[in-house]
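Presented below is the structure to which this report refers.
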Amino acid sequence: MTHGEDTQGGQMMKPFEIVGWSTRRWAVCVLVAGLLAGILSATALAQPSNDFRAVYLNNGILSTGIGLDGQVGIGGTNYDAIGRITLGTVQGARFTTDDDNKPLIFTYPYPCGNFGVVTVRIVTADQTNDLVWGSGDGEWVDGIEPFADRSGRYMIVGRWRHPDTNIRVDQVVELVGAYARITWTITNEDVETHQVGIRFLIDEEVGSGFNVTTPDYVLVPGYFPVQNDLDLQGGLVPPYVDAAPRRTMNAPILRWLFKQSGLTIPDRVVISQFSRLAASLWDFTSIPEMEITDHAIASYWNPQSLAPGKSRTIVTMIGLGTSTNDPSGRYALDTESPGVVGLDASKANQLSPEEFTISASVTNYLSLNSLQNVAFEDVSLAISLPRGLALADGESITKTISTILPGEVATVSWRVKPTGEKVGELTYRVYSTVSPGSLSKSVSRTLIVPMTAKIDLKTGFQMVSLPFAFDNADPAAVLGLEQGDFALLRWDSAQRRYTLVNNVRPGEGYWLRVNTDQTLTLNGAKIAGDAFGGTLRLPLPQGWVQIGNPYPYPVPIGLIRFIDTTQGIAISFADAVQRGLVRSVLFYYDTTPPAGYKLISLHSDPSALMMPGRGYWIFVDNRNLEMIFPNVVATGATISFPTRLSMAPVRWQVQFSAQSEDKQDATAVIGAASRAVDGIDLYDMPKPPAPVEESVRTVLIAPDGQSALAQDIRADGTRRQVWEMVVSAPKPESTVVLRWNGMQSVPSSLRLKLVDTEAKVTRDLRATSSYTFTVGASGSRRFQIVAEPRGAAGLRITSLRVTRTRGGAVAISYALSDSASAKVRILNATGKVIQTLQAGEAASRGVTNLTWNGRDGAGIAVPAGSYLIEVTATSEDGQTARAVQPVVITR
């Protein structure tokens, strides 16, 4: 089908000749040749009826359409087409053919029903109207149906009015690179104020045929994969929602953007069963326990008051998650890349493809006002790559495009290769400059590069995993080293000590020592099992276990599962924590100076990644447990997750880190939660075994006086609590810096202080952020962290009295609520200090009396006038208090 042709009754029609906008009915239909026929033939048993008309756009990447009239018949049911929106791919992502000619909205390329429907809610003084945009409840403005730009590549414009309320809603759908940008401009043309809002509902169906309903993989940042109703409002609205036919970071992915420059953040985003969301044009009550088998997404922009003649604009964008787009300003810039770079299973030390494509496109916006349209010339695009990525041979950093006409999108690409220097999440950036005007912007995107069999090792011990299976699993054969040139150790939970490793297995973590910095190629490495379509199971003994990601790609910890072998039931990580089978925190050893333990937490971030090649500690409370690592980027067994952990969130927490020279331990955490108890419970975390090499170590002593903890969360409440903490250094007489963060989470009603029980020093944790000390011959120091109601011991100047005596002197009397060092100064009217009576001397709790003789620091009588008596007190734990009183000197 060619540009400018109209379809009606399934037959091709000669296009209308357009003369202005007075033509009653016209449409431009643009589809890739064979696309429509291809989808029909794939679903021949349920072809739609042929009595509808629609207007389409196609920019070569996406295609979108708006229904004009008639109905679409699917599965024996007829659905109205007028005003409905459809969206799908043409070429889709440029780096793959996997998403060519695929639907993003159910029934694509047929706009119909509630599968892509805009609701206009109009609230008047008398009633609430929920209306489908474009429906017969209203009328096209000036009788003009939605129309496309002449090229059929960029824009569909529709203007619709509800005559009963005189609310007009103009809708513009633009194809901006790999996204459809939808703009609604709501205007009150009435003489009375009305409230107007918009809901947009889509039945996402990524990649399937129009008559195939499949439960897709829907992901909201910070949440588990959505399996039940999810209703996010206000500040909980996410930056985007992704949907894909499988768990993948590559095509096809639908992404609905909510938080980005130039977009209007919705008041509410709901993910639920399509049949339930579509049952009403607006009202919906979510049921968190309700399982979803056919995902739909609705965004709400709540009604706002519009006075007569006033307008409101709402902008949203839906497109491909393989692209990152900046639509702001005069033009749009987007960049596209695989989310994950492939790995050749037969050659683990090579990436497949060894090179991949990163592309960037510029869309020159088209305005209905032709005077505002300008052709871009000498468009420049440049790419900046991080360590771990490099341009392929023959590629240049900068690419140029001679001309981009209004409404056109132009694309450049770079061939890029991983260097192996860095794996995991890598972020690149694309820069653009267009003329006239030298308008510049940039956009960044993150992709994941897998680990290969080449590994970089540092001298000494590091905690690692080797995410491959090996033909010969003997450590010396795997590493290609002589026995004396390395050591490979693993924690034995039964013996509670480190032992030598005889065989290397995927999923296990180790301490590996080498004698020199070096890069090794692991011998005989191959992907463990089926990283892209299966799972891997790891038996777990009770206690501390060293584990590792068995795959060369990062795995979100929220996707890990466990099996209780006594029951044979697979459960999520969250459920395993809730049942008391495992703890929710994983510890790893970061070799970046200062080297030491760090942590990732399921409770804090279920999307936190287990990185390949890194070893982790997990604490197991149950004997009969196996850990299941999910496949990396393809379909696996169905996983049912709660939306969030059912544990009550921690109300406040403070993290302590101790550093001595190039070693650090940042794993001591105290805090409070409403459901926690003061004894040991699921909120508490045992301390992992010490590193093989001597290091700094922070240990919290549990209330039982015996258990060593990394995290001690107590019952919430405003009362006195004391945590005991021991800090050890690698060597005696070492200097240690103890730091803390997180005080902003502590309620203002609580005062926290650090007490050095040996040095008899106290520090207020709000007033300071670190404490430096030197350990003695024992190599350790004991501290108390005290939380108490602020009113119980806050430093205050309870009174300050200033009186003139008969001899012309000034009597000063102040009282402190606790012992402190005190400064008493005399200031003139400009704030200059002219005399200091106390310069930080110790002052006891209670009343202190002083006398000022009316002279300055040089002993000269001060002139008559007004002066200030300032008292500043500082406690030994850093609290401060200040009071000021005026005094008048006469001569």
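The values are calculated or read from the model by the stated rules, or taken from the named source; none is laboratory data. Keep in mind it's a predicted model, so treat the numbers as computed, not measured. Every residue, glycine among them, receives a Cβ derived from its backbone with ideal geometry; neighbour counts consider all protein chains shown.
Brief remarks on what is shown
- Failed item, numbered, when residue 738 is tested on (1) buried (at least 20 other Cβ atoms within 10 Å of the Cβ); (2) over 31 Å from the mean Cα position of the chain (by Cα); (3) farther than 25 Å from residue 495 by Cα: (2)
- Looking only at residues in segment 784-838 that are part of a helix (DSSP H, G or I) and aliphatic (A, V, I, L, M), the one that is modelled with the highest pLDDT is 793.
- Cβ-Cβ contacts under 6 Å between residues 6 or more apart (or on different chains), taken from a first residue in segment 156-172 that is in the same structural domain as residue 56 (by TED's automatic domain parsing) to a second residue that is crowded, with 20+ Cβ neighbours inside 10 Å and among the hydroxyl-bearing types (Ser, Thr, Tyr), are listed as 168/187.
- If you filter segment 413-467 down to residues that are over 15 Å from residue 519 (Cα atoms) and charged (D, E, K, R), you find that the one that is surrounded by the most Cβ atoms within 10 Å (Cβ to Cβ) is 445.
- Annotation note: Cβ proximity below 7 Å between a residue of segment 497-510 that is assigned by TED's automatic domain parsing to the domain that holds residue 544 and a residue that is at pLDDT below 95 and part of a strand (DSSP E or B) (sequence gap 6+ or interchain) occurs for 504/470; 506/469; 506/536; 507/536; 507/538; 507/629.
Listed here are the residues, each with its yes/no results for (1) among the acidic types (Asp, Glu); (2) in a loop (DSSP other than H, G, I, E, B); (3) free of Cβ contacts under 8 Å to residues at least 24 places away in the same chain.
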position: 562; (1), (2), (3): no, no, no
position: 571; (1), (2), (3): no, no, yes
position: 580; (1), (2), (3): no, yes, no
position: 588; (1), (2), (3): no, no, no
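- Residue 275 fulfils the conditions (1) over 24 Å from residue 185 (Cβ atoms); (2) at pLDDT below 90; (3) among the hydroxyl-bearing types (Ser, Thr, Tyr) except for a single criterion, (2).
Each row is one residue, and each column tells you yes or no for (1) closer than 20 Å to residue 55 by Cβ; (2) under 34 Å from the mean Cα position of the chain (by Cα).
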site	(1), (2)
134	yes, no
150	yes, no
162	no, no
177	no, yes
196	no, yes
203	no, yes
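- Candidate set from segment 857-891 (those that are surrounded by 15 or more Cβ atoms within 10 Å (Cβ to Cβ) and not in a strand (DSSP E or B)); member that is modelled with the lowest pLDDT: 877
- Only residues that are surrounded by 13 or more Cβ atoms within 10 Å (Cβ to Cβ) and without any contact (Cβ under 8 Å) to a residue 60 or more places away in the chain were counted across segment 800-811, and they come to 2.
- The criterion of at least 3 residues that are at pLDDT 95 or above and out of contact with any strand residue (DSSP E or B) (no Cβ under 9 Å at 6 or more places or on another chain) is met by none of the strands (runs of 3 or more DSSP E) wholly inside segment 471-530.
- Of everything in segment 763-783 that is not aromatic (Phe, Trp, Tyr) and not in a loop (DSSP other than H, G, I, E, B), the residue that is farthest from residue 878 (Cα to Cα) is 780.
Every residue, every condition in (1) over 19 Å from residue 295 (Cβ atoms); (2) of a type in the set (Gly, Ala, Ser); (3) in the same structural domain as residue 145 (by TED's automatic domain parsing), yes or no:
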position: 70; (1), (2), (3): yes, yes, yes
position: 85; (1), (2), (3): no, no, yes
position: 106; (1), (2), (3): no, no, yes
position: 111; (1), (2), (3): yes, no, yes
position: 125; (1), (2), (3): yes, yes, yes
position: 128; (1), (2), (3): yes, no, yes
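- Of all residues making up segment 192-207, the number that are assigned to a loop (DSSP other than H, G, I, E, B) and either surrounded by fewer than 17 Cβ atoms within 10 Å (Cβ to Cβ) or modelled with pLDDT of 70 or more (or both): 5
- Meets criteria (farther than 26 Å from residue 756 by Cα, in contact (Cβ under 8 Å) with a residue 24 or more places away in the chain and surrounded by fewer than 17 Cβ atoms within 10 Å (Cβ to Cβ)) for residue 824: no
- Filtered by the rule that a residue be closer than 20 Å to residue 183 by Cα and not β-branched (Val, Ile, Thr), segment 49-80 gives 54, 56, 57, 58, 59, 62, 63, 65, 67, 68.
- Options 442, 384, 367: the member that is over 21 Å from residue 176 (Cβ atoms) and either of a type in the set (Gly, Ala, Ser) or at pLDDT 95 or above (or both): 384
- Selection status of residue 263, of a type in the set (A, V, I, L, M), more than 21 Å from residue 92 (Cβ to Cβ) and in a loop (DSSP other than H, G, I, E, B): yes
- For the condition aliphatic (A, V, I, L, M) and under 31 Å from the mean Cα position of the chain (by Cα), residue 464 qualifies.
- Any hit, segment 298-314, residues being modelled with pLDDT of 95 or more, small (Gly, Ala, Ser) and closer than 29 Å to residue 447 by Cβ: yes
- Given (1) surrounded by 15 or more Cβ atoms within 10 Å (Cβ to Cβ); (2) part of a strand (DSSP E or B), number of the condition residue 703 does not satisfy: (2)
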